[in-house]
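What follows is one structure encoded as structure tokens, with my remarks underneath.
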Amino acid sequence: MIKEAKKKLNDVFGYETFRPLQEEVIEQVLNKKDALVIMPTGGGKSLCYQIPAIIFDGLTIVVSPLISLMKDQVEQLHQFDIPAVYLNSSLTPEEYQANIEKLKKGSVDMLYLAPETLLMPKTRELLSGLDIDCFTIDEAHCISEWGHDFRPEYRQLVEVRKDFPDAACLALTATATPRVREDIKQTLGMKDSETYLASFDRKNLFLKVADKDGPTDQVLDFLYTRKKQSGIIYCFSRRQVDELYVDLKKEGHSVKPYHAGLSETVRNRNQEAFIRDDVNIIVATIAFGMGINKPDVRFVVHYDMPKNIESYYQQIGRAGRDGLRADCLLLFSYSDTQKIRYFINQKEDEEKKIAEQHLKSLLKFLEATECRRKPLLNYFGEEYEKDECGMCDNCLSLDAEVEDLTVQAQKYLSCIVRTDETYGANYIADVLRGSKSKKVLENDHNELSTYGIGMEWSKDQWVQLSRLLLRQDYLEKDQKYGSLKLKEQARNVLNGHENVFGTLDRTAATVNGKAVDR
Ligand code: ADP
Ligand code: ZN
């Protein structure tokens, strides 16, 4: 039977080989045995039920909480000539009825349903008359109160499962801790079941946590070397989204906002623009990203602290689906922790206990001095064997030693003085780099003693230095014109009484392009 599955993989879907665990899961399902599948997003969960579905004579039911996702999946299946339908509230009565007729005729392989639809008596009655081979529950973590997205309707699926005692029960999720896993299996009363746990390590994601200190500048720094790349910046509140959106826009970035306070039309338009690469950056609340399958998202920034590890992992998981390197930056502050604590304190009993546990795990990751993959994967019940991953800030800390930047700071500051404190960061960098731009020549700045004395650094590096000098209070920026001015402290640097230390973001310089094994 597995030969047939392989053939379908090649002939119907056009893929060469199975991804890790797909083959095992498919075999289990084809044997009509239950399976719990835990695979990270992008791991290839869908094929685990789609291939058996086309091999089985009877119907495969797929319970999915997301209407948008259902539609996408069914449309994709149609492109592969696989007969599939869905039933949910987005259909017109006529469409709904047409799908029911198809089901009655037995002419479809797969039926996608929202849990609410499945729980309706008339749906259950319809299904009881059909030949059902597999009962699939997608996003199965919604069953568990220990998960991050508990949905009461999911609990009731247990009852429905009893309607099809001969069908294989397949539960899939991208996020399940050992506790949630147990919960799912127990709740669904899985028999002869096997748990399939794929590694959660996304090797191509570079993980970095930085202390939040002038976050807007930190984001601008980060974006500076990532021009034209697609990325998502998550903020905690709608207001924060709006503010950051304006700030980025002002700096000339190609950016759109996304949060539940915007109309559906605007949200959809912004999301589409992002997917089609009409816009590079989306600044969003956690409302953004569900069901988005854009392969070349090159970075995910957490401007504010995520709620817990599960949501963090899910959100960074939207980056680098193509397997190429992608960068994840989280800005961490204790005041954000206080906000989360405040919400936790509003909860009671069990719920409070769970939330506290979640925060503790998150802090373990954020405060880690060892490889970040250890606490992260540990949360998902996985032991990270290596000492270093080479793809997180802690593993690179030897590399990223604090540098003495005094000489460059002196050059930069004196160039600002010589151009009368009237220009912004880019212009100063141009003068230092001996640019022949019209503006520089018109201003006779090629006559200055600081003209062309900064060839040792790229423009990027000089601009990064300006941000560092701003953060360290040597400079201030004119809010209206963006021109840089010296602060009192800068005199000490210029007359050699004070050294400047810091780390320019080297990870930024090596981003992009290089393929990393998954
Ligand atoms: P998940 O549901 O786990 O997030 P999907 O099922 O959506 O992941 O699969 C992610 C992507 O990987 C899809 O574009 C899918 O077509 C592709 N994919 C899945 N299995 C394979 C495979 N064996 N070979 C190549 N591509 C695959
Ligand atoms: Zn590491």
- [ ] Would you list which lysines come within 20 Å of Lys8, measuring only between C-alpha atoms, while excluding same-chain residues fewer than 8 positions from it?
- [x] Lys32, Lys45
Open item on the list: Taking 10 °C and 1.306 mPa s as the conditions, I'd like the Stokes-Einstein D for the stretch 59-141 in µm²/s, using the Kirkwood hydrodynamic radius from alpha carbon pairs.
Closed with: 124
Open item on the list: As a test, work out the antiparallel percent of DSSP beta bridges whose residues both lie in the chain, rounded to the nearest 5.
Closed with: 10
TODO: Within the stretch 244-307, report the trypsin sites (Lys or Arg not before Pro) that DSSP leaves as loop and that have at most 12 other Cβ atoms within 10 Å.
DONE: Arg276
Open item on the list: Give me Met39, Met290 sorted ascending by neighbouring Cβ count inside 10 Å, so fewest comes first.
Closed with: Met290, Met39
Task: Charge-dipole axis of the chain as Lys and Arg at +1 and Asp and Glu at -1 on Cβ define it, positive-most pick from Tyr342, Leu119, Thr92 - done: Thr92
Task: Using alpha-carbon coordinates, inclination of helix 178-188 to the longest axis of the chain, degrees - done: 30
- [ ] Could you line up Met455, Met391 from fewest to most neighbouring Cβ atoms inside 10 Å?
- [x] Met455, Met391
TODO: With only alpha-carbon atoms counted, please give the Rg and Dmax of the stretch 351-391, in Å.
DONE: 11.4, 37
Open item on the list: Can you divide the C-alpha Rg of the stretch 316-460 by 2.2 N^0.38 Å and report the result to two decimal places?
Closed with: 1.63
Task: Convex hull (Cα only) mean projected area of the stretch 62-202, reported in nm² to one decimal - done: 9.2
TODO: Give, in nm to one decimal, the length gained when the segment between Leu396 and Lys3 is fully stretched (0.36 nm per residue of separation minus the Cα-Cα distance).
DONE: 137.0 nm
TODO: May I ask you to list the trypsin sites (Lys or Arg not before Pro) in the stretch 376-452 that are in a DSSP loop and have at most 11 other Cβ atoms within 10 Å of their Cβ?
DONE: Lys386, Lys436
Open item on the list: Please list, ordered by chain and number, the residues whose modelled amide H lies under 5 Å from the amide H of Val209; skip anything fewer than 5 residues away on the same chain.
Closed with: Leu330, Asp393
- [ ] Answer rounded, prolate or oblate for the stretch 220-344, using the Cα gyration tensor with square roots of eigenvalues a ≥ b ≥ c: rounded when a/c is under 1.5, else prolate when a/b is larger than b/c, else oblate.
- [x] rounded
- [ ] Work out from phi, with θ = phi - 60° and the Karplus expression 6.51 cos²θ - 1.76 cosθ + 1.60, the ³J(HN,Hα) of each residue of the stretch 289-294, listed in order in whole Hz, and give x for Gly and Pro.
- [x] x, 4, x, 8, 10, 9
Task: Of Lys436/Lys487; Lys364/Lys487; Lys256/Lys477; Lys185/Lys352, pairs whose Cα-Cα distance is over 31 Å - done: Lys364/Lys487
Task: Net charge dipole size for the chain [Lys, Arg +1 and Asp, Glu -1 on Cβ; Debye, nearest 20] - done: 740
Open item on the list: If I model a spin label at Asp444 and Arg471 as a point 7 Å from the Cα along the Cα→Cβ vector, what separation in nanometres do I get?
Closed with: 3.8
- [ ] Subtract the Cα-Cα distance of Glu385 and Lys250 from 0.36 nm times their separation in residues, and report this length gain in nm to one decimal.
- [x] 44.1 nm
TODO: Grab the DSSP H runs of the chain that are 4 residues or longer, score each as -39,500 (n - 2.57), total them, divide by all residues and round the 222 nm result to the nearest 500 deg cm²/dmol.
DONE: -12500 deg cm²/dmol
Open item on the list: Using 20 Å bins from zero, what percent of all Cα-Cα pairs in the chain falls into each bin?
Closed with: 20, 47, 24, 9, 0
TODO: For Asp217 and Lys105, compute 0.36 nm times the residue count separating them, minus their Cα-Cα distance, and round to one decimal in nm.
DONE: 34.2 nm
Task: Kirkwood Rh, angstrom, the stretch 150-210 [1 / mean 1/r, Cα pairs] - done: 14.0
Task: Quarter of Cα convex hull surface for the stretch 428-471, i.e. mean projection, nm² - done: 3.0
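Every number in this text was worked out from the coordinates using simple rules, so none of it is lab data. Keep in mind the model is a prediction, meaning the values are calculated, not measured. Because the Cβ atoms are built from the backbone with ideal geometry, glycine has one as well, and the counts that use them run over all protein chains shown.
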